[in-house]
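For reference, the structure is listed below as structure tokens.
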Amino acid sequence: MRRIAKLAANPVMIALVASLALAGCASKKNLNSAADLGLGAGAATPGSSQDFTVNVGDRIFFDTDSSSIRADAQQTLARQAQWLNKYGQYRIVVEGHADERGTREYNLALGARRAAATRDYLISKGVAANRLKTISYGKERPVAVCDDISCWSQNRRAVTTLSGAGS
Amino acid sequence: MKKLLSTLMMIGALATGMSAIATLPARALVEIDVNKGTIEPLPIAITDFDGAGLGTEISGIVTADLKRSGLFAPVDHGAFIEKITNPDAAPRFDDWKVINAQALVTGRVSQEPDGRIRAEYRLWDTFAGQQLSGEQFFANGANKRRIGHIIADAIYERLTGEKGYFDTRVVFIDESGAKNARKKRLAIMDQDGANVRYLSNGAAIVLTPRFSPNRQEITYMSYEGGQPQVYLLQLETGQRELVGKFPGMTFAPRFSPDGQKVIMSLMRDDGNSNIFAMDLRSRSTTRLTDSTAIDTSPSYSPDGSQVVFTSDRGGGSGRSQIYVMGADGSNPHRISFGDGVYSTPVWSPRGDLIAFTKQSGGQFQIGVMKTDGSGERILSTGFQQEGPTWAPNGRVLMFFRDSAGGPKLVTIDLTGRNEQQVPTANYASDPAWSPLLE
């Protein structure tokens, strides 16, 4: 954890190191999304984070400028909740994202709203609230990088990321 | 697009004496009225300053600044007739009038025995046949570019009656790498793109840096602690600190005009965002909005009595609009009513206008409106552009425009006519203009 060591060298930041450890791992997991790995369904060990990403689906999508959970997203979140309730060892960070067709600060707020709406839906399906955290990336972390509607719709998303208690 | 045109004002001149020190309060034959706008930029001859390479370098900085302002048209050196051999002596005004140089700048740069640079300039009104101003400056070698900017500001102020903005800096986000793995670094540079210095290493996402009124601190948002939060950075020492411990994300920070407070958004647990002000001395926070809406991008009026901000409280998903409230949160009222989505309001340092980003018809526009929302004018339209910041004289805006792979910084003046890209080595976004240096 080179990054943590570096921050710890700065006295002002020492207090933040503990929380950074969790979040740092969570964002690493996100890099291993299904698309990145090119995995087919069923290739992952049941209960693994790959299983979650590939077989359950780690992300939902939103309409433009909306944080309402769509019907298709409700199905995905119901599957996520079922899986998360079965594998209780994971802590969960829900990332909220926006497409680029909004200004930066507004999109940070919109991503926060999407992450919170997703978290609340998971809680309503029985996932313990104390396992869940949220983070907004606004438009800072697009997965699709063309400049048209097909990309924007993929970037308006909430991604449920896992981190093990000890990882 | 509505264009403001200006005329060159021809008014009576008074004779002035020669002075190497003081700016002389003369009335000039040659002046630019920036309120009327300009039909033609003022032709000005800026000779190479005496003093070998350093003289030419500094007069080159003066030339570039004045040209980029759009208010001046530096005359090509090839047209010059008189070769200035003594910058202290009166030039042959006829030689400059005949090439239509309405103003003339001469100067000299030399090295003092103690190593400092000494720079002098004289500004001449060629048609009145007299000197308008003359000053000299001393600086250490590291500040040589600043001397050029200070002289350009002096000339700009003498001929327009407005403060200049060339001796200023810009904090911004340097962006490199692929769009889906963009490395973002906090950076600072002179307003013309020179002297770039990096203030973060790119390990964490950093966003929206803004200057304190004394230019010695910036506040910005960073993901370095996991939960994105607002930080303060002392530019001289590099010392960083968190602006308060909050349960949720803090973002969209700006200083109050007195530098005592940072105003920002705090995410609530339900995902909505409210506006808070934190007193930097007492560390006490004051909640200014309390709505189940997105309230963000707060910006104080220059007298500190009001705050303009973005909110979607008006209902209808995503219809963000611009609101103004008292600095204590009182009487919030909507001021943007045009056809579109408004955000990123920034109060002019002159107090007269609010700059904003507007999304309309699939385009992003940079515009200004009066503080009551009337008189909206769009200055620039593009596919993806946002985030205006004011030059300290309230005459020029800088913003960022995404095109061809990444964002670049762009300036535009209030006429909407003079648009210039700011040269940066990499992609650049989130610019914030400093107050004038001293």
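The values are calculated or read from the model by the stated rules, or taken from the named source; none is laboratory data. Note that the coordinates shown come from a computational prediction; the quantities given were computed from them, not determined experimentally. Methodologically, a virtual Cβ is constructed for each residue, glycine included, from the backbone with ideal geometry; neighbour enumeration extends over all protein chains shown.
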For the stretch B:218-262, how many residues are in contact (Cβ under 8 Å) with a residue 40 or more places away in the chain, of a type outside the set (Ser, Thr, Tyr) and more than 12 Å from chain A (Cβ to nearest Cβ)? 8
Condition test on A:Thr53, is it part of a helix (DSSP H, G or I) and under 17 Å from B:Asp270 (Cα atoms)? no
Taking the stretch B:127-162 and keeping residues in contact (Cβ under 8 Å) with a residue 40 or more places away in the chain and among the polar types (S, T, N, Q) leaves B:Gln130, B:Gln131, B:Ser133, B:Gln136, B:Thr160
From the set of residues in the stretch B:72-97 that are under 30 Å from B:Asp413 (Cα atoms) and among the small types (Gly, Ala, Ser), which is surrounded by the most Cβ atoms within 10 Å (Cβ to Cβ)? B:Ala73
Residue check for A:Thr134: surrounded by fewer than 19 Cβ atoms within 10 Å (Cβ to Cβ), of a type in the set (Ser, Thr, Tyr) and within 13 Å of chain B (Cβ to nearest Cβ): no
Those residues of the stretch A:52-76 which are closer than 16 Å to A:Gly96 by Cα and crowded, with 16+ Cβ neighbours inside 10 Å amount to A:Gly57, A:Asp58, A:Arg59, A:Ile60, A:Phe61, A:Phe62, A:Asp65, A:Ser67, A:Ile69, A:Ala73, A:Thr76
Based on this model, can you work out whether B:Val368 counts as more than 23 Å from B:Val262 (Cβ to Cβ), within 14 Å of chain A (Cβ to nearest Cβ), of a type in the set (A, V, I, L, M, F, W, C) and in contact with a strand residue (DSSP E or B) (Cβ under 7 Å, 6 or more places away or on another chain)? no
Considering B:Gly326, B:Gly259, B:Gly315, which residue is closer than 22 Å to B:Gly373 by Cβ and out of contact with any strand residue (DSSP E or B) (no Cβ under 7 Å at 6 or more places or on another chain)? B:Gly315
Residues of the stretch B:179-201 that turn out to be within 13 Å of chain A (Cβ to nearest Cβ) and over 22 Å from B:Ser403 (Cα atoms), as a count: 2
Looking at (1) at pLDDT below 60; (2) under 27 Å from the mean Cα position of the chain (by Cα); (3) within 30 Å of B:Gly141 (Cβ to Cβ), which one does B:Ile46 not meet, given that it meets all the others? (1)
Within the stretch B:190-210, tally of residues that are in a strand (DSSP E or B) and either touching a Phe, Trp or Tyr at 6+ places or on another chain (Cβ under 7 Å) or not assigned by TED's automatic domain parsing to the domain that holds B:Asp279 (or both): 5
From B:Ile173, B:Ile150, residue being within 29 Å of B:Pro349 (Cβ to Cβ) and either surrounded by fewer than 15 Cβ atoms within 10 Å (Cβ to Cβ) or in the same structural domain as B:Ser222 (by TED's automatic domain parsing) (or both): B:Ile173
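Table: residues versus (1) outside the structural domain of B:Ile412 (by TED's automatic domain parsing); (2) within 25 Å of the chain's Cα centre (by Cα); (3) surrounded by fewer than 17 Cβ atoms within 10 Å (Cβ to Cβ); (4) not in a loop (DSSP other than H, G, I, E, B).
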position: B:Gly225; (1), (2), (3), (4): no, no, no, no
position: B:Lys245; (1), (2), (3), (4): no, no, yes, no
position: B:Ile263; (1), (2), (3), (4): no, yes, no, yes
position: B:Leu266; (1), (2), (3), (4): no, no, no, yes
